[in-house]
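These notes are about the structure you will find just below.
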Amino acid sequence: MNDNSQTRDHEEPAFIISVAARMLGLHAQTLRYYERVGLIIPSRSRGRIRLYSRKDLERVRQVQRLIDELGVNLAGAEVIIDMSARLRALEEENETLRRELQRYRDTRLPAPRSEA
């Protein structure tokens, strides 16, 4: 399985609220509250039933870890998670730009001459 299909599987809405809550060891009401404050945004079925992806569940686990282990409040947890995601995106962009620059250098700059 390639990275692209794994990402799609990870983001595929798959769990109704009762199953997601059980998997996380939380009350369904806690998930509803997290949705209300904008920490997670579950997909909805045609019947308006909340459907959570593995990515949603991971985000809730991250929030819980920050709250339980570091004593961060919900607002702080959201900021930390969002900043971490932004940092990862910037690191990926930086790596892409480095590779692009190296390709440019390889095609534009002459190869170093060996001194014999």
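The values are calculated or read from the model by the stated rules, or taken from the named source; none is laboratory data. This is a predicted model, so every value here is computed, not measured. With ideal geometry, Cβ positions are generated from the backbone for all residues, glycine too; neighbour counts draw on all protein chains shown.
The set of residues in the range 68-103 that are in a helix (DSSP H, G or I) and either at pLDDT below 90 or polar (S, T, N, Q) (or both) comprises Ser84, Asn94, Thr96, Gln102. Looking at Arg36, Arg50, Arg44, just one residue is surrounded by 13 or more Cβ atoms within 10 Å (Cβ to Cβ), of a type in the set (Lys, Arg) and modelled with pLDDT under 95, and that residue is Arg50. From the list Arg22, Arg46, Arg65, the lone residue that is of a type in the set (Lys, Arg), over 13 Å from the mean Cα position of the chain (by Cα) and outside any helix (DSSP H, G or I) is Arg46.
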